Amino acid sequence: MPAVHHKLLLEEALQDSPQTRSLLSVFEEDAGMLTDYTNQLLQSMQRVFGAQSEMGLATEQLSQQLLDYEKKNFALGKGDEEVITTLQSFAKTVGELNSLHSELANQMADSMVFPLIQFREKDLTEISTLKEIFGIATDEHEAAMVKYSRLPKKKENEKLKADLVKEVAYTRRKQHQASLQYYCALNALQYRKRVAMLEPMLGYTQAQISFFKKGIELVSKKMDSFLSSVSNMTQSIQAQLDAEAEAMRASQRELLSVEDTVYMPDKDTEPVNRTLIQKAGYLNIRNKTGLVTTAWDRLYFFTQGGNLMCQPRGAVAGGMVLDLDNSSVMAVECEDRRYCFQITSPSGKTSMILQAESKKEYEEWICTVNNISRQIYLTDNPEAVAIRLNQTAIQAVTPITSFEKRQEGSPNPDRAKPGGVHAASSGSQKTGAAPEPEDLIVPGTPIQFDIMLPASEFQDQNRSGGRRTNPFGETDDDCSTESDDSLLQQVFAVRFLGSMAVRCGDNQEVIYEAMRQVLAARAIHNIFRTTESHLMVTSSSLRLIDPQTQVTRISFQLGEVCQFAAHQENGRLMGFVVEGRDWSDGDEEGEPSFSAFVFESNTEGEKICYTISLAKDITEAKKDPEALAQLMKNMPLTNDGKFLLLEPETGDMTNGAGQEDLESEA
């Protein structure tokens, strides 16, 4: 290396000539530039060291992530055993590389960053300190020379002169010493800066070479065969991917080459399959959002094990919506929508209205539910049984807009047939159990939603060869106004919901079943309007009175009312069964016939039932004067001697106007 030619001469330090000062400024400028460059170089080296340290941390994290692949338990991870083993081998190798990276970071810190920091903190800081000391000494010498130069010429003060001479000598010596140290440090800096620039890079290069040597030993000895096998495996997987991608592209081209009718609803070209016992697809379901408002939701439905299942989007599995065993299904007209059908549970308490997107789907869903409801899926040959029931399914898919159109039919025809499929499977279940709906009400019985004539008149229309008779055995005297000696007269505001013929009058279950069918029929056909009437309960009869005209719409003698009950859950619903006679068969005494009437009241139905019960007690008590006297003694009476139960709820009966066309809340 060439020697340093430019240096500060120590011999000229005492004289401190302008030439020496000029050369000193060059050295000081060089030292300042060296300080700035050293700081920038140190930042770059610290960045390299930081990156290497981060590399060590990153490889450590990478190794851990490779090991965590096995712990993730991917849902589609079947067949990944070879990948897991390979990643574990890579994790081990990355872990070894991490140790090499950590060692390299430590070597960089010791042999690259530390020497440069030491040069900056020791040598450059020393130059800065000596420069400051030299400046102070120079200022003190200049001040002493100024004082010495001001000594008077005429009146010399020997003592003052001696003091100033000593002060000048002291400051000059101090400046001389500071300049010598300063000059020596600046001269030495020319050598030290070269070492300071080369030593860090030497350490950095040696550390990298050591890292590469150890890395080559690690890779060449242990990784050649492993990397070769991994490369072959990835090439094999890539080949499989290419083949699968080509197959999928061909499948896409084939699937997209179909006619546009595939994407159009209600454009099915295949015939309807009426023997299905399993079905799946999207349907619209009607949900009631208010008293008279509804909303439709599109959900995925499927059948499984005799149950109707629903699986919302995003759900892992479906949930049961309805048990289809012994259920009934029929086509309905609903809210001006096409392809609607209703499924009702055997008890009638649960029903739902669904809409298919095409006629084919609509008919297949109805046929499938029909097949499942008869438990065909439990037979040895379900398809053969389904074919035999094909005609029933065809009848079920014919929309029915009113109950009068079902006089000849039934929601579930096979239940009414002794030879039906359901009869064999459910015959043993009826023994000792609650009455079935078919035992209480004839399937397909029409429902009357307004008081125009007794409900049994509709039943008479279904009978051929018979004459129309009065089913209640009423005479003109029976329908007349109650006698003046009536002991009870209570009026209730009610709304007539419907009436229908029933099979028996000795069981309250028939009232509950009639309520269910009437409410279900109103819901299916969107019949929510009702007419308010006044139900007058006296000690001899029940009368339904028009609040506007005070005309009796219909009247029953108490002896004809054989059952009455309030709804078990909806306390505002009540009904009663009236017994009449049917002479259509030519029998002189006539066959007994029963009709159920369902009402919605402004008060609790139990109060109406209690009043009817009391009226019957009064009727019985009239036969025994002592019993009647005891009954009157136990009950409060009005001023005119009538039984007092509660305040009339209808108010002034002349205010009945405006009560027409109310909406039922039942």
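The values are calculated or read from the model by the stated rules, or taken from the named source; none is laboratory data. Since this is a predicted model, take the numbers as computed values, not measurements. Positions of Cβ are backbone-derived with ideal geometry, glycine not excepted, and every protein chain shown enters the neighbour counts. Ligands, DNA and RNA are stripped out before the accessible areas are found, and what is left, the full protein with its side chains, is counted by its heavy atoms. Shrake-Rupley method; radii C 1.70, N 1.55, O 1.52, S 1.80 Å.
Odds and ends about this structure:
- Residue count for the stretch 96-124, restricted to those that are among the polar types (S, T, N, Q) and closer than 28 Å to ASP30 by Cα: 2
- Extreme residue, least open to solvent (accessible area, probe 1.4 Å), among residues of the stretch 275-311 that are closer than 12 Å to VAL369 by Cα and of a type in the set (S, T, N, Q): THR303
- Filter result for GLU96 (open to solvent by 50 Å² or more (accessible area, probe 1.4 Å) and under 18 Å from GLY215 (Cα atoms)): yes
- Selection of first residues in the stretch 248-274 that are open to solvent by 100 Å² or more (accessible area, probe 1.4 Å) and of second residues that are among the hydroxyl-bearing types (Ser, Thr, Tyr) and not in a helix (DSSP H, G or I), restricted to Cβ pairs under 8 Å at least 6 apart or on distinct chains, gives the following pairs, ordered by first then second residue: LYS267/SER358.
- Test: residue in the stretch 288-295 that is more than 32 Å from the chain's Cα centre (by Cα) and small (Gly, Ala, Ser): no
- If only residues of the stretch 530-540 that are open to solvent by 10 Å² or more (accessible area, probe 1.4 Å) and either assigned to a strand (DSSP E or B) or farther than 21 Å from SER613 by Cβ (or both) are counted, the one that is modelled with the highest pLDDT is MET536.
- Beta carbons closer than 7 Å, at least 6 apart along the sequence or on distinct chains, pair a first residue in the stretch 127-145 that is within 13 Å of LEU186 (Cα to Cα) with a second that is among the hydroxyl-bearing types (Ser, Thr, Tyr) and modelled with pLDDT under 90 for LEU130/TYR182; LYS131/TYR182; PHE134/SER179; PHE134/TYR182.
- When residues of the stretch 71-94 are limited to those that are charged (D, E, K, R) and assigned to a helix (DSSP H, G or I), the one nearest to THR59 (Cα to Cα): LYS92
- Remark: pairs (first residue in the stretch 165-177, closer than 23 Å to LYS131 by Cβ and in contact (Cβ under 8 Å) with a residue 60 or more places away in the chain; second residue assigned to a helix (DSSP H, G or I) and of a type in the set (A, V, I, L, M, F, W, C); Cβ separation under 6 Å; 6+ apart in sequence or on different chains) = GLN175/ALA137.
- Selection count, the stretch 497-535, where residues are of a type outside the set (D, E, K, R) and within 42 Å of the chain's Cα centre (by Cα): 19
- Matching option when the condition is under 30 Å from THR20 (Cα atoms), over 60 Å from the mean Cα position of the chain (by Cα), of a type in the set (Phe, Trp, Tyr) and open to solvent by less than 90 Å² (accessible area, probe 1.4 Å), among TYR170, TYR183: TYR183
- Residue match in the stretch 223-236 (condition: under 30 Å from LEU354 (Cβ atoms) and either open to solvent by less than 80 Å² (accessible area, probe 1.4 Å) or of a type in the set (Gly, Ala, Ser) (or both)): no
- Qualifying positions in the stretch 312-334 - under 22 Å from GLU363 (Cα atoms) and open to solvent by less than 50 Å² (accessible area, probe 1.4 Å): LEU322, LEU324, ASP325, ASN326, SER327, SER328, VAL329, MET330, ALA331, VAL332, CYS334
- Condition broken by ARG553, with the remaining ones in (1) over 25 Å from VAL442 (Cβ atoms); (2) surrounded by fewer than 20 Cβ atoms within 10 Å (Cβ to Cβ); (3) modelled with pLDDT of 85 or more; (4) out of contact with any Asp or Glu (no Cβ under 7 Å at 6 or more places or on another chain) satisfied: (4)
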